[in-house]
1. Tell me, yes or no, whether segment 240-253 has at least one residue that is at pLDDT below 95, over 23 Å from residue 3 (Cβ atoms) and either among the polar types (S, T, N, Q) or in a helix (DSSP H, G or I) (or both).
2. If I go through segment 159-184 residue by residue, how many of them are buried (at least 16 other Cβ atoms within 10 Å of the Cβ), among the polar types (S, T, N, Q) and farther than 20 Å from residue 46 by Cα?
3. Can you name every residue in segment 42-69 that is among the polar types (S, T, N, Q) and surrounded by 13 or more Cβ atoms within 10 Å (Cβ to Cβ)?
4. Which one is nearest to residue 24 (Cα to Cα), of the residues in segment 93-111 that are touching a residue at least 60 places away in the same chain (Cβ under 8 Å) and not in a loop (DSSP other than H, G, I, E, B)?
5. Please verify whether segment 129-138 includes one or more residues that are surrounded by fewer than 20 Cβ atoms within 10 Å (Cβ to Cβ) and over 19 Å from the mean Cα position of the chain (by Cα).
6. Checking the structure you have, find out if any residue of segment 51-61 is modelled with pLDDT of 95 or more and either on the phi > 0 side of the Ramachandran plot or touching a Pro at 6+ places or on another chain (Cβ under 9 Å) (or both).
7. What are the residues in segment 112-138 that are of a type in the set (Ser, Thr, Tyr) and not in a loop (DSSP other than H, G, I, E, B), if any?
8. Inside segment 52-73, can you point out the residues that are outside any loop (DSSP other than H, G, I, E, B), within 16 Å of the chain's Cα centre (by Cα) and either closer than 15 Å to residue 30 by Cα or of a type in the set (S, T, N, Q) (or both)?
Amino acid sequence: MYHRVADTPHRNDPYGLCMPPDRFEAQMKALKQAGYRCLSLSEVLACYQGQMRPPRRAFAITFDDGYEDNFQTAWPVLRACGFTATIFLVVERLGRMTDWPGQDGPYAAPLMTLEQARQMQAGGITMGSHTLTHASLVDIPPQEARRQIARSRQVLAERLGQPVHFFSYPYDRLNPDIIEMVRDSGYLGACGNSALPPGPFNMWRVECQRTDSMFLFRLKVSGLYHRFLHLRDQTHFGQMARKIKRLLSLQGGQI
């Protein structure tokens with residue numbers, strides 16, 4: 001999972017969300033040269049549902065938030081490698097600057113326009129929802145959480161002219177009630193994290209960051225890194241880390 005692909009100074013990227021373009025290109029070329037198969041999220045979902053056997057060397061690419069550099073910088077690299085991806089859009093922020101905690105003020109960045117999203121969709125990139133405003137769904141009233149989930153799917157489908165099947169939980173914040181809201185809103189699947197059991201509405205991902213070495217990137221793609229994260233999340237240390245992460249997010253210190 002990626003956020004941005006951009007040459008951004010460290011001082012403007014305190015959370016390591018900006019993957020340098022040359023490093024992103026090297027990662028994609030390494031996967032292609034190693035013979036990996038890039039799956040669509042629909043194919044990943046089919047694997048979760050037992051309708052498709054997971055290929056031995058396969059991966060899927062997702063981007064959260066829908067930054068303009070996904071269109072300008074990442075997409076040409078994906079096309080050159082013959083890869084697809086899913087981009088989760090903050091529906092009411094298309095064509096604007098980010099304004100949610102941790103990505104506002106000096107850290108704000110431009111998001112892609114609706115027309116850019118349409119071009120990418122026409123070129124084989126899947127678009128999904130990341131809520132209306134990048135809301136932390138577990139920290140708002142249930143009625144508003146349902147609106148953020150359901151309305152974003154409806155509006156995005158109307159603007160793109162195609163059904164929206166996939167969802168990504170902002171801040172990776174989810175619980176069983178939020179998962180049920182996503183399911184009830186008509187989505188087919190959602191991307192989450194290893195803190196909860198995997199399934200169609202909690203498809204696990206590993207985040208790629210600017211500080212990742214090529215060795216660490218290969219480890220993340222192999223699946224071993226994710227198994228480690230899952231084991232960590234089940235320990236007392238992992239539970240404490242999640243509590244600290246939640247506290248930081250409430251104070252605007254998490255992306």
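The values are calculated or read from the model by the stated rules, or taken from the named source; none is laboratory data. Because the structure is predicted, anything quoted here is derived from the model rather than measured. Cβ coordinates were reconstructed from backbone atoms using ideal geometry, including for glycine residues, and neighbour counts include every protein chain displayed.
1. yes
2. As a first pass, look at segment 159-184 and keep what is buried (at least 16 other Cβ atoms within 10 Å of the Cβ): 159-160, 164-174, 178-179, 181-183.
From the residues that got through so far, the ones that are among the polar types (S, T, N, Q) too are 168.
With farther than 20 Å from residue 46 by Cα added as a condition, the list becomes none.
Qualifying residue count for the region: 0.
3. 42, 62
4. The residue in question is 107.
5. no
6. Checked against the condition, which is being modelled with pLDDT of 95 or more and either on the phi > 0 side of the Ramachandran plot or touching a Pro at 6+ places or on another chain (Cβ under 9 Å) (or both), segment 51-61 yields no hits at all.
7. Within segment 112-138, the subset of a type in the set (Ser, Thr, Tyr) is 113, 126, 129, 131, 133, 136.
Within segment 112-138, 126, 129 qualify.
8. Within segment 52-73, the first condition is being outside any loop (DSSP other than H, G, I, E, B), and the residues that meet it are 58-59, 62-65, 67-73.
Within this subset, residues satisfying the condition of being within 16 Å of the chain's Cα centre (by Cα) are 59, 62-65, 67-71.
Scanning segment 52-73 gives 59, 62, 70.
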